[in-house]
């Protein structure tokens, strides 16, 4: 079983880095067959194309185009558009006749129509694309039709580029770094109302999916920016809790120890700060001290998500940490989304269950990056318990500490950047999935301040 899991993880990573390797897609599909995941297996087999046909000696039964579905949707779209425009034209004509009875008949403008096509030119005349993402619920019926309605027929004007995405469901959790499915993408064509629509998931369209390389690149870029939004909005919320006032500039969040709410920033976060601060201040209850936890539960994705029609609202709740003593996992979560999940070492009964918060963040505790506490440490509620690195990596996944939470070097350094000072920590049992999902790219901030504390000798219960 462990060998099969290793093969699966290796093949997932390989096809992600080499999406054109048909043999790798075929082998990954065979692994999914062994696990009974037919939908994922079919997707891989369709990506394998001729390799599947060569080894299985037949064409995959789903290898057919989605043109018929597109045509049906397109007809419905044209009927709705014509109906709406006919009403508007009738009202205008009636109003014009009543106001100006002496005017003669005039020509009406030609009727524009939405056109869906597979393929075509994908340029935006050098202009930056406006992108929209909708997250679909796995339980929704007709996910493709709902996706098109949200991306192209919502109340707001359709974006230049749109993605319909379905996060992997793990019990009651959605996994941010799991097996994400991109159902379809839309791209505006020219100056009219024509859009290119591409299907990328055979599990919902029963078709030969279009190449999803660009769509995944767009998603990876957008999701990276969303992680910055989560960290920034959480930092603003925690600053409000800690100091009883709003930060006036992002520099208020990026200060030397012990006021290092976050350990640095990015160009994107600096650009986003003014608008995010204004939005959070405008939320109900945000004028009251102690209400920033509610204020932090903003729709951090703005118009990137829609709450109706089968789409899941992306949580905007401040990031928090959940530690599962049964599975030896530490997860960074926002609402029902597991943003990151790491294996950790614990102390068994010596690790206290309950609610805590990160009261201190320090780099290179006791002046070392390879000592018993590793390169990062985060004190829990001013106690002798902490989340920190370790010089005993073999203890990860075991109960060998004196109560603290041990992490691997890369994991604890990413966690340190991801969550701000004041982050809530809940230690309990039986709440997290057993298998952590590694991210495609580590979250990193650009440090600008001194976060060491040479004046203190740390004696955490490591």
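Of the conditions (1) in a loop (DSSP other than H, G, I, E, B); (2) buried (at least 23 other Cβ atoms within 10 Å of the Cβ); (3) in contact (Cβ under 8 Å) with a residue 40 or more places away in the chain, residue 387 clears all except one; give me its number.
Single failed check for residue 387: (1).
Just one of (1) more than 25 Å from residue 258 (Cα to Cα); (2) modelled with pLDDT of 95 or more; (3) buried (at least 18 other Cβ atoms within 10 Å of the Cβ) trips up residue 353, so point out which.
Of (1) more than 25 Å from residue 258 (Cα to Cα); (2) modelled with pLDDT of 95 or more; (3) buried (at least 18 other Cβ atoms within 10 Å of the Cβ), only one is false for residue 353: (3).
Take residue 340 and decide whether it is modelled with pLDDT of 95 or more and out of contact with any helix residue (DSSP H, G or I) (no Cβ under 6 Å at 6 or more places or on another chain). Reasoning before the result, please.
Details: modelled with pLDDT of 95 or more: yes; out of contact with any helix residue (DSSP H, G or I) (no Cβ under 6 Å at 6 or more places or on another chain): yes.
Judged against the criteria, residue 340 is a match.
Would you point out the residue of the stretch 395-409, among those that are under 31 Å from the mean Cα position of the chain (by Cα) and not in a loop (DSSP other than H, G, I, E, B), that is nearest to residue 353 (Cα to Cα)?
That would be 405.
For the stretch 409-439, how many residues meet the condition of being surrounded by fewer than 21 Cβ atoms within 10 Å (Cβ to Cβ) and either on the phi > 0 side of the Ramachandran plot or in contact with a helix residue (DSSP H, G or I) (Cβ under 6 Å, 6 or more places away or on another chain) (or both)?
1
Is there a residue being touching a strand residue (DSSP E or B) at 6+ places or on another chain (Cβ under 7 Å), in a loop (DSSP other than H, G, I, E, B) and either at pLDDT below 95 or not assigned by TED's automatic domain parsing to the domain that holds residue 144 (or both) anywhere in the stretch 275-286?
No, because not a single residue in the stretch 275-286 is touching a strand residue (DSSP E or B) at 6+ places or on another chain (Cβ under 7 Å), in a loop (DSSP other than H, G, I, E, B) and either at pLDDT below 95 or not assigned by TED's automatic domain parsing to the domain that holds residue 144 (or both).
Within the stretch 139-164, take every residue that is buried (at least 23 other Cβ atoms within 10 Å of the Cβ) and at pLDDT 90 or above and give me the one that is farthest from residue 187 (Cα to Cα).
Among residues in the stretch 139-164 that are buried (at least 23 other Cβ atoms within 10 Å of the Cβ) and at pLDDT 90 or above, the one farthest from residue 187 (Cα to Cα) is 164.
Please state which one of 431, 425, 412 is under 26 Å from the mean Cα position of the chain (by Cα) and assigned to a strand (DSSP E or B).
The unique qualifying residue is 425.
Suppose the filter is touching a helix residue (DSSP H, G or I) at 6+ places or on another chain (Cβ under 7 Å) and under 30 Å from residue 29 (Cα atoms); does residue 197 pass it? Can you show your working first?
Numbers: touching a helix residue (DSSP H, G or I) at 6+ places or on another chain (Cβ under 7 Å): yes; under 30 Å from residue 29 (Cα atoms): yes.
Yes; evaluated as a whole, the condition is true for this residue.
With respect to residue 224, is the statement that it is surrounded by fewer than 22 Cβ atoms within 10 Å (Cβ to Cβ) and touching a helix residue (DSSP H, G or I) at 6+ places or on another chain (Cβ under 9 Å) true?
yes
Suppose we filter 442, 459 for residues that are assigned to a loop (DSSP other than H, G, I, E, B) and farther than 30 Å from residue 170 by Cα; which single one remains? So that I can check it myself, show each step before the final result.
Details: 442 fails: farther than 30 Å from residue 170 by Cα.
After ruling out the rest, the residue left standing is 459.
Can residue 450 be described as surrounded by fewer than 21 Cβ atoms within 10 Å (Cβ to Cβ) and either part of a loop (DSSP other than H, G, I, E, B) or touching a strand residue (DSSP E or B) at 6+ places or on another chain (Cβ under 8 Å) (or both)?
yes
Restricting to the stretch 339-380, name every residue that is in a helix (DSSP H, G or I) and touching a strand residue (DSSP E or B) at 6+ places or on another chain (Cβ under 7 Å).
The answer is 348, 365.
Would you pick out the residues in the stretch 184-242 that are under 18 Å from residue 152 (Cα atoms) and part of a loop (DSSP other than H, G, I, E, B)?
190, 191, 192, 193, 200
The values are calculated or read from the model by the stated rules, or taken from the named source; none is laboratory data. What you see is a predicted model, and the numbers here were worked out from it, not measured in a lab. Cβ atoms come from the backbone with ideal geometry, glycine included; neighbour counts cover every protein chain shown.
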